[in-house]
Amino acid sequence: MTRSTKSSRAYLYVVFTFLYLPIFVLIFFSFNKSKSRNLFTGFTLDWYRQLFQNEMILRALVVTLAVAAIASVCATILGTAAAIGIQGMKRWSRFTVMNFTYIPVINPEVVTGVSMLLLFTSLRYFLNFNMGFGTLLIAHITFNVPYVILSVNPKFRQLDNSLYEAALDLGCNPTQAFFKVILPQIMPGITTGFLMALTYSIDDFVISYFTSGTSQTLSIAVYSMTRRKVSPEINALSTLIFAAVLTILLIMNFKDIRSENSKSGLKKKGAERI
């Protein structure tokens, strides 16, 4: 092993330790018998039991998951449709639209949150509605659409247009050619965009804080608890969320590995036949 390889591995270990050590500390103290965050006094599952009896946290969790699920699906549909439309534009029009697409991504969240608050406040006087789940959902769809566009758009650049033309020549109409040829090839980008939208929606605090109104997401509930003292129930909830996300990632990676192995197996069989 060379010196550079050892240095790279050491650097990698330091980075992963810095990233994951706080999470493991949180998981460790979610089983702590006392509320102390400095001393482990004994193992218990009481905080997990109390978590499922805390109506405020469970209500905030339901709102968070509902908003994230609906917003992610809507943003994925709108973002994919927008990416398709952008591909049909001329070069300079496409360049201009993509630059505008980047603005919400690099724009500070506090600016987006305040601007949407002012928009909803102004519309409330004309349409007579209260800020709540609806405004929160619209806000999440709005800031998630650019991420879907930026995930799907590179897949269109990798497409082979001759496949689409061949499908038309073989008797498919444009709709059939899209669903049978184009959609399977851009599906990895659509899946990535959906997962990014879901993650950002669950994680968001700033924009949700300005647009939630009477609704309360999990991040806002945790923020309100920090004014007093964070309950160990939050440690238990964070542990469950981390376990769920880790399970989803492992399943997706396992599927990718299986698909790659099946493709490599087919290539080997083809080479042996030749």
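Results, tabulated for the structure shown:
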item	result
Listed peptides 24-33, 117-126 by packing density, highest first (mean Cβ within 10 Å)	24-33, 117-126
Using a Förster distance of 22 Å, the FRET efficiency for Ile241-Val105 (Cβ separation, nearest 0.05)	0.35
Count, lysine Cα pairs under 30 Å in the chain, 8 or more residues apart or across chains	19
For the stretch 181-252, the spread of Cα positions along each principal axis, largest first, Å	55, 29, 14
Label-point separation, Leu12 to Leu163 (7 Å along Cα→Cβ), nm	3.2
Sorted by Cβ neighbour density within 10 Å, fewest at the top, the residues Asp204, Asp256	Asp256, Asp204
Cα shape, the stretch 1-151, gyration tensor, a/c 1.5 rule	oblate
Projected-area average for the chain over all orientations - Cα convex hull basis, square nanometres	23.6
Overall form of the stretch 65-114 per C-alpha gyration tensor (a/c, 1.5; a/b vs b/c)	oblate
Contour excess over end-to-end distance, with Cα ends at Thr96 and Thr41 and 0.36 nm allotted per residue	13.8 nm
Computed [θ] at 222 nm, deg cm²/dmol, the chain (DSSP H ≥ 4; -39,500 (n - 2.57); rounded to nearest 500)	-27000 deg cm²/dmol
Calculated FRET efficiency for the pair Met225/Ser34, C-beta based, R₀ 22 Å, to 0.05	0.80
Distance between the stretch 230-259 and the stretch 152-218 - C-alpha centres, whole angstrom	23
Inter-label distance, nm, simple model (7 Å from Cα along the C-beta direction), Leu119/Phe254	4.1
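None of the figures in this text is laboratory data; all of them are computed from the coordinates on show. Small disclaimer: the values here were computed from a predicted structure and weren't measured. Cβ: placed from backbone, ideal geometry, glycine included. Neighbour counts: every protein chain shown.
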